[in-house]
1. Picking from PHE234, PHE210, PHE184, PHE200, which residue would you name as being among the aromatic types (Phe, Trp, Tyr) and touching a Ser or Thr at 6+ places or on another chain (Cβ under 9 Å)?
2. Can you tell which of LEU291, LEU255, LEU327 is in contact (Cβ under 8 Å) with a residue 60 or more places away in the chain and in contact with a Phe, Trp or Tyr (Cβ under 9 Å, 6 or more places away or on another chain)?
3. Report those helices (runs of 4 or more DSSP H) wholly inside the stretch 200-269 carrying at least 3 residues which are closer than 26 Å to PHE349 by Cβ.
4. Which of the helices (runs of 4 or more DSSP H) contained wholly in the stretch 33-134 include at least 3 residues that are of a type in the set (Val, Ile, Thr) and closer than 24 Å to THR161 by Cα?
5. Out of THR109, THR60, THR85, report the one residue that is open to solvent by 30 Å² or more (accessible area, probe 1.4 Å) and touching a residue at least 24 places away in the same chain (Cβ under 8 Å).
6. Name the pairs: first residue in the stretch 155-176 and under 13 Å from LYS264 (Cα atoms), second residue at pLDDT 80 or above and small (Gly, Ala, Ser), Cβ to Cβ under 8 Å, at least 6 apart or on different chains?
7. I want to confirm something. Restricting to the stretch 156-187 and keeping residues that are part of a loop (DSSP other than H, G, I, E, B) and open to solvent by less than 100 Å² (accessible area, probe 1.4 Å), which single residue is farthest from PHE274 (Cα to Cα)?
8. Could you grab me the full set of residues in the stretch 279-320 that are among the aromatic types (Phe, Trp, Tyr) and at pLDDT below 90?
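The values are calculated or read from the model by the stated rules, or taken from the named source; none is laboratory data. Note that the structure is predicted; figures quoted are calculated from it, not measured. Cβ atoms come from the backbone with ideal geometry, glycine included; neighbour counts cover every protein chain shown. For accessibility, only protein heavy atoms count, side chains too; no ligands or nucleic acids. Shrake-Rupley method; radii C 1.70, N 1.55, O 1.52, S 1.80 Å.
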Amino acid sequence: MSMSRSTFRRNTHMAISVSLALFMVHSNQVGIGIAGVQRFIYDRVQQDAWISVIIAGIMTHIAAWFMLKILAKYKDMDLYDIHQTVFGKWPARVLNFIFIVYIMGSALTILRGYIEIIQSWMFPGVPSWILNASLLCLAIYGVTGGIRVLAGISFFSVGLTVWQLLLLVYPMQYADFHLLQPVFHHDLVELMDGAKKMSFSIIGFEIILFIYPFVKEKEMLPRYVHGGLFMTTFLYVAVMLVTLLYFQGEQLQHLIWATLMMMKIVEFPFLERFEFVSISLWMLIMLDNLLMNLWVAMRGVHHISGVKERMALIGIVGVMFFASNFLETRQSINLITDIFGAVGFYIIFIYPIVLYVVIRLFRKGAVRT
């Protein structure tokens, strides 16, 4: 297993340009969460929600700094290998298993969230299992293409995201800037609570912990990672500000998909219901998130069990297919999203700091710097 893994990493045709890391980080952060995250943050801090988004963005830069410092101490290792080097075989398997479950849970919420959008806005009569099977079959095809295919999809996904969200200038015609007042009406504890609610939508940058062995010119990786994080923060702040300026507070508290509701006012002479087009194009954005999560989970299962990667992928997709079919209500979807959002906050924002401290204290297998 170790021989095949090292050979796999050293194949030059598997390597990706460091500049693509920017697109992979950004695209993995921007998924279905941007369609309706505004309501959850507004519930906590009302008109100061945009400040909480900025705080959440700053937190991503801090967490990414620790991740990059950890990766720089190990040559051509991903998080799975670092765990084994630092903690040994069995503790590493437990930690890696936790990460695999978390990544699969994230992929499940992405898949089920998009299916709910399709059923709510476009095809309410289509059974969930048909949509599940269709999207997961596409996912299997994409993941087996390898890391370079995933990087290419991320590149196009970013273009689709930016193009669609630029159309939010339409709601700005009806902006009421008085809705942002009073500014800084909430204390730091409340703002941090709002930032924590934002965490599930803005995570995804942990992908760097797993693509690191495949990146060329690793010494340049930090600038591209932080560039991707800045793009994401800017995008979420812009969407949040437009939402706050367009909707009254009472309206926003009852909207599940605030961004899609704003898309409804976008009209062209040849196209009236633009939100249908937006939802259709959003499939590639969602699929990009799904592919990367499945790829990480697949490699994790291969790492701890030795099962061939394709067989691991098929097993993971099978588990997700059956799990997704059990999530049929809005309450169940909210529950699993809240669970993995809370878990993700500690895994993505707290755990890298703990791991960095452990490595600094023991430096087991690390490159001295």
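1. On the way: PHE234 fails: touching a Ser or Thr at 6+ places or on another chain (Cβ under 9 Å); PHE210 fails: touching a Ser or Thr at 6+ places or on another chain (Cβ under 9 Å); PHE184 fails: touching a Ser or Thr at 6+ places or on another chain (Cβ under 9 Å).
Only one candidate passes the filter, namely PHE200.
2. Values: LEU291 fails: in contact with a Phe, Trp or Tyr (Cβ under 9 Å, 6 or more places away or on another chain); LEU327 fails: in contact with a Phe, Trp or Tyr (Cβ under 9 Å, 6 or more places away or on another chain).
Answer to the selection: LEU255.
3. On the way: elements: 208-211, 221-246, 249-252, 258-263.
Fully inside the stretch 200-269 and qualifying: 208-211, 221-246.
4. Numbers: elements: 38-45, 49-72, 79-87, 89-121.
Of the helices (runs of 4 or more DSSP H) lying wholly inside the stretch 33-134, those with at least 3 residues that are of a type in the set (Val, Ile, Thr) and closer than 24 Å to THR161 by Cα span 49-72, 89-121.
5. On the way: THR109 fails: open to solvent by 30 Å² or more (accessible area, probe 1.4 Å); THR60 fails: open to solvent by 30 Å² or more (accessible area, probe 1.4 Å).
After applying the criteria, what remains is THR85.
6. Note: pairs meeting the criteria are LEU165/ALA238; LEU168/ALA238.
7. Restricting attention to the stretch 156-187, the residues satisfying the condition of being part of a loop (DSSP other than H, G, I, E, B) are 170, 175-176, 181-187.
Add one more test, that the residue is open to solvent by less than 100 Å² (accessible area, probe 1.4 Å), and what stays is 170, 175-176, 182-183, 186-187.
On the way: TYR170: 12, ALA175: 20, ASP176: 24, PRO182: 34, VAL183: 33, HIS186: 36, ASP187: 39 Å.
So, considering only residues that are part of a loop (DSSP other than H, G, I, E, B) and open to solvent by less than 100 Å² (accessible area, probe 1.4 Å), the one farthest from PHE274 (Cα to Cα) is ASP187.
8. Narrowing the stretch 279-320 to residues among the aromatic types (Phe, Trp, Tyr): 282, 295.
TRP282 - this is the single residue of the stretch 279-320 that is among the aromatic types (Phe, Trp, Tyr) and at pLDDT below 90.
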